[in-house]
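Enquirer: Below is a structure I'd like to ask you about.
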Amino acid sequence: MATTQYTPPAAKTDDPFTIVIPTRNEAATIADIVTRSLQLTPFVLVMDTASNDGTPALAIQRGAQVVNVPKQGKGLAIRAAANHVTTPLVVFIDADGSHVVEDIPKLIAPLHAGSADHVQASRLIGGSSELHGGFDEFFRLSGSALITALINWRFQVRLSESQNGFRALRLDLLRQLDLREKITTIEQEMVIKTLKVGGRLAEIPSHEHKRMHGYSSIRLSQVWWRYVYSVIKLLII
Ligand SMILES: Nc1nc2c(ncn2[C@@H]2O[C@H](COP(=O)(O)OP(=O)(O)OP(=O)(O)O)[C@@H](O)[C@H]2O)c(=O)[nH]1
Ligand SMILES: [Mg+2]
C-alpha cells in the first residue's frame with residue numbers, strides 16, 4: 001500500500017455529508033433508517049447487494065438513492081460507495097437498527113471542526129446491547145479487544161475499539177486508503193490505513209442496539225481467520 005501521508009484540506013463547518021447504508025435483506029428496518037437519515041442530509045445512499053426482500057424498493061420509496069453492488073460482501077459495498085459519493089464527508093451506518101442515526105451530528109462534528117479526519121462511534125464507551133451474553137459474543141468481544149490492542153501498540157494510540165460499522169470520514173481520505181477487504185474486515189482496514197497515512201482518528205460514544213430483525217451476516221466460526229490474517233497483513237506490511 002502506498003503510504004503517502006494524508007494532507008487534510010481546510011475543514012468547513014458546513015461541509016455536506018452523505019449517509020451510506022450497506023444493505024442485504026434489511027426490509028424490516030431500512031425505511032425507518034432512510035427517513036431518519038434524510039432529516040440530517042439530502043444525500044442518502046443505499047448500497048444493496050442482491051436483497052430479495054424488497055429492501056431497494058423501500059429505500060427508493062423513502063427517498064434514498066440506491067446502488068446495486070453485484071458481489072456479496074459488506075467490504076465490497078463500502079468500497080463501491082467511494083465512487084458514488086460526491087460530498088466531502090461520508091458517514092457509514094448499518095441498516096439493521098443497531099446504530100443511533102441521531103448520533104450522526106456528534107460523529108460529524110470533529111470533521112466539521114477540522115480536529116479529525118476519521119471519527120468512529122465507539123460501543124465500548126457508548127455501551128452495547130448485543131456484544132455480551134453468549135459464547136459467540138465472548139469470542140467477538142475478546143477478538144476485537146485483541147485486535148484493538150495490537151493496533152494501539154503498533155501506532156501508539158488509545159482506541160477503545162476498531163470494528164464498529166458506524167463511522168464518518170473525509171471522502172478524500174477514504175479514497176486514499178485504497179481499501180481491499182471484501183467482508184466486514186473492512187472496518188479494521190479503514191482504521192489501520194487511516195493511522196498509517198497519518199490521518200487523525202477520533203472516537204465518540206454511541207450506543208449499539210441489538211439487530212432489530214433478521215440475521216447477522218457474520219458467522220464467526222467461518223470468518224475469524226480472515227480477521228487474524230487481515231490484521232497481521234495490515235499491521236506488518
Ligand atoms: N451491500 C451489502 N451489505 C451487507 C452485506 N452483508 C452485510 N451487509 C450489511 O452490513 C451491515 C452489517 O451487517 P450485519 O450482518 O448486521 O453485521 P454485524 O453488525 O457485524 O453483525 P451483528 O452484530 O450480528 O448484527 C448491515 O446493514 C447489513 O445489511 C453484503 O454482502 N452487501
Ligand atoms: Mg449488525
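Enquirer: For region 97-237, give the magnitude of the charge dipole about the Cα centre (Cβ charges: +1 Lys/Arg, -1 Asp/Glu; no others), in debye to the nearest 20.
Expert: With Lys and Arg at +1 and Asp and Glu at -1, about 380 debye.
Enquirer: Would you mind putting 187-193, 71-77 in packing order, based on average other-beta-carbon counts within 10 Å, highest first?
Expert: So the peptides 187-193, 71-77, ranked by packing, come out 187-193, 71-77.
Enquirer: If each residue of separation counts as 0.36 nm, what is the full-extension length gain between ARG180 and SER217 once their alpha-carbon separation is subtracted? Could the numbers behind the result be given before it?
Expert: Numbers: separation 37, 0.36 × 37 = 13.32 nm, distance 1.91 nm.
Extending this stretch completely gives an extra 11.4 nm.
Enquirer: Next up: For a protection proxy built on the mean count of beta-carbon atoms within 10 angstrom, sort 22-28, 85-91 highest first, please.
Expert: Averaged packing, sorted descending, gives the order 22-28, 85-91.
Enquirer: Something else now. Under 10 Å, Cα contacts only: if you run a Gaussian network model on the chain, which one of LEU111, LEU146, LEU195 comes out with the highest mean-square fluctuation?
Expert: The residue with the greatest mean-square fluctuation here is LEU146.
Enquirer: Would you mind checking which residues have amide H under 5 Å from VAL46's amide H? H placed 1.01 Å from N; only 5 or more apart, or other chain.
Expert: Under 5 Å from the amide H of VAL46 lie the amide H atoms of ILE21, GLN65, VAL66, VAL67, each far enough along the sequence or on another chain.
Enquirer: Follow-up question, since we're still on this one. If you line up the Cα atoms of the chain on their principal axes, what length do they span on each, largest first, in Å?
Expert: Principal axes ranked by extent give 46, 46, 32 Å for the Cα atoms.
Enquirer: Compute the distance in nm between two label points, each set 7 Å from the Cα along the Cα-to-Cβ direction, one at ASN152 and one at ALA57.
Expert: 4.8 nm
Enquirer: Sticking with this one: Under the 0.36 nm per residue contour assumption, what length would be gained going from the current alpha-carbon distance of GLN5 and ALA50 to full extension?
Expert: Numbers: separation 45, 0.36 × 45 = 16.20 nm, distance 3.67 nm.
Contour length minus Cα-Cα distance gives 12.5 nm.
Enquirer: For a protection proxy built on the mean count of beta-carbon atoms within 10 angstrom, sort 174-186, 4-16 highest first, please. Write down the numbers at each step before the final one.
Expert: Details: 174-186: 19.4, 4-16: 11.8.
The peptides rank, most packed first, as 174-186, 4-16.
Enquirer: Rank TRP225, ILE236, SER98 by how far each Cα sits towards the positive end of the charge dipole of the chain (+1 on Lys, Arg Cβ; -1 on Asp, Glu Cβ) and give me just the farthest.
Expert: It is ILE236.
Enquirer: Right, something else. To the nearest 0.05, what FRET efficiency results for SER160 and THR86 with a Förster distance of 30 Å applied to their C-beta separation?
Expert: Plugging the Cβ-Cβ distance into 1/(1 + (r/R0)^6) gives 0.40.
Just so you know, all these numbers are worked out from the coordinates, no wet-lab data involved. For clarity, every value in this text was computed on a predicted model and none was experimentally measured. Because the Cβ atoms are built from the backbone with ideal geometry, glycine has one as well, and the counts that use them run over all protein chains shown.
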